[in-house]
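Here the structure is laid out as structure tokens; the discussion comes afterwards.
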Amino acid sequence: MSAFEFNPAALRRIRREQGVGQRALARQIGRTNTNVSGYENGHFAPSLVTLAAIADALDASMEDFMVRTDREAVSA
């Protein structure tokens, strides 16, 4: 079974490539720079609504911030 999860390193990389600081991104998406830092450090993941705002602010797609994880199906 395949699953996808938020990739904190992708957020950091894309944000830096765009030349956007954490505070500037936080203002654009209506969050604090502490939230953005937490996302980038993997302490927690943004909600889908917040992830969509991040993608829009950084001119990226939501998929750019995801990583595929393959997990074996759990049998009952």
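The values are calculated or read from the model by the stated rules, or taken from the named source; none is laboratory data. Computed from a prediction, not measured in an experiment: that's the story for all the values here. Neighbour counts are summed over all protein chains in view; Cβ atoms, including those assigned to glycine, are modelled from backbone coordinates with ideal geometry. The area values use the complete protein model at the heavy-atom level, side chains included, leaving out ligands, DNA and RNA. Shrake-Rupley method; radii C 1.70, N 1.55, O 1.52, S 1.80 Å.
For the criterion of being in contact (Cβ under 8 Å) with a residue 60 or more places away in the chain and open to solvent by 40 Å² or more (accessible area, probe 1.4 Å), MET66 passes.
Mind listing just one residue for me: the one in the stretch 1-12 that is open to solvent by less than 100 Å² (accessible area, probe 1.4 Å) and not in a helix (DSSP H, G or I) and, of those, farthest from LEU51 (Cα to Cα)? Among residues in the stretch 1-12 that are open to solvent by less than 100 Å² (accessible area, probe 1.4 Å) and not in a helix (DSSP H, G or I), the one farthest from LEU51 (Cα to Cα) is SER2. When the stretch 13-61 is limited to residues that are hydrophobic (A, V, I, L, M, F, W, C) and either part of a loop (DSSP other than H, G, I, E, B) or in contact (Cβ under 8 Å) with a residue 60 or more places away in the chain (or both), the one that is most open to solvent (accessible area, probe 1.4 Å) turns out to be PHE44.
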